[in-house]
Amino acid sequence: MTLKQLKILVTDLLEEGELKKALVLLEHELAETASQERNRCVQLKARLKNYQKEEDAGIITFSTTHTGFSQIVKAIQNLLGDLKPEHLHNQNAEQQSRIQALLEEMGFPALPLAGVVDCDRTKPINVYRSAFGQNRDLSSQFYFITGCPTQKPDSLAERIIYELRDKHYQGVADTIFYETEQRELGKGSAWYVTRMKAVPLPFLHYNRLTENQAAFIQYLSQTLPGAVPADVPLEVLLEQKENRPAFRMITLVFTIDIDEYDGWPATLTAYLDWLITVFKRNSATAPVFKFLFVIQSNGIHTKDHPEVKEGIDTLKTNHNISDQQFCTRIEQLLPAESPDLKRWFSQRTNNLYPLQIEEMVENYTKKYSFDMNNIETFLLDIYKYTNQTR
């Protein structure tokens, strides 16, 4: 699709009042390298969703909603005006062919799916490993991973799960539970893979605590049917030793979009405090409950967000938790750098192909920035190629 065609289609959708469809179309057509433009699109989608949610709940008036929608329309029009042809998908067949040739020259092995999410991340993964070393015998554990969506904090959670599954539990079936979903390998691909699923935390900041508690229990009973019956109080279920789920560990991955709340609301602290209080009662018998909270905010790696740190520290203070113990904060998910990608390739080729790796990374930098969402897109292409041709 050309830029002119895109502008016509989006303008038509705006005139029809189809703001959500306009934003979905825009995000679909924007190249992965257009990270700033994609971020603007993501922020507008979040604003639109928030207005719709609050209007449905009767929190804001129709007049306020109308004003908000008008502002979003104007912002979409501004985004359209700023777009350039290079911001749209433009597959460079020659460059792609050269990347595939380099993989063949190196005899690059079939990449496991876990390899897509383990580039860089040295500092945050070591924070996790250190905390897990202290907490591995605890019956419930809480980890808070903070990052901008462009740095893929959800993929760090996915890496943690693969590490638990493949190394800690050595790939033994039915030892660890986590939700999964089917995802396509690239836009318009007919090839799908099974990956970890992160779900929005069952929480609404304007709800009463009891309503949010009920939402969590409903989620748990639907996610673990039979193992967590909705008619048994959660406190009773966690304290009993009989009729426990068969897994040795149940890992729950939740996303928390603090931009949607305009900060860290006190109701969120109260809700998480309740979760910690309840799950500290978990029986010492299996399974362990491991919570991975993916806290997202656009640009959080470039600006201070003290309310996030304060919110998590309040939880630790409330439960007299020392640093790293039981409740761990993992932050500073920064963009990778060229040496990180070179090291990723070197580790998989026994350091035998420095010239090919140098050219490979040079090809990468022509197309992408080193934000983790771009690296993951690139590594997914390598996953697809090395698994299709083996």
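The values are calculated or read from the model by the stated rules, or taken from the named source; none is laboratory data. Just so it is clear, the structure is predicted and the values come from calculations on it, not from any experiment. Here the Cβ is made from the backbone with ideal geometry for all residues, glycine too, and neighbour counts use every protein chain on show.
What the table shows:
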item: Residue ranges of helices (runs of 4 or more DSSP H) in segment 298-386 with at least 1 members within 26 Å of residue 129 (Cβ to Cβ) and outside the structural domain of residue 145 (by TED's automatic domain parsing); result: 338-348
item: Tally, over segment 47-67, of residues that are surrounded by 17 or more Cβ atoms within 10 Å (Cβ to Cβ) and modelled with pLDDT of 85 or more; result: 3
item: Residues being of a type in the set (Ser, Thr, Tyr), at pLDDT 90 or above and not in a strand (DSSP E or B) - total across segment 242-279; result: 3
item: Selection count where residues are of a type outside the set (Ser, Thr, Tyr) and farther than 18 Å from residue 197 by Cα, scope segment 168-182; result: 5
item: Every residue from segment 341-375 that is closer than 21 Å to residue 148 by Cβ and surrounded by fewer than 17 Cβ atoms within 10 Å (Cβ to Cβ); result: 365
item: Residue satisfying all of: in segment 161-217; in a helix (DSSP H, G or I) and in contact with a strand residue (DSSP E or B) (Cβ under 6 Å, 6 or more places away or on another chain); surrounded by the most Cβ atoms within 10 Å (Cβ to Cβ) among these; result: 161
item: Where residue 37 falls short, out of the listed (1) modelled with pLDDT of 90 or more; (2) within 27 Å of the chain's Cα centre (by Cα); (3) part of a helix (DSSP H, G or I); (4) not aliphatic (A, V, I, L, M); result: (1)
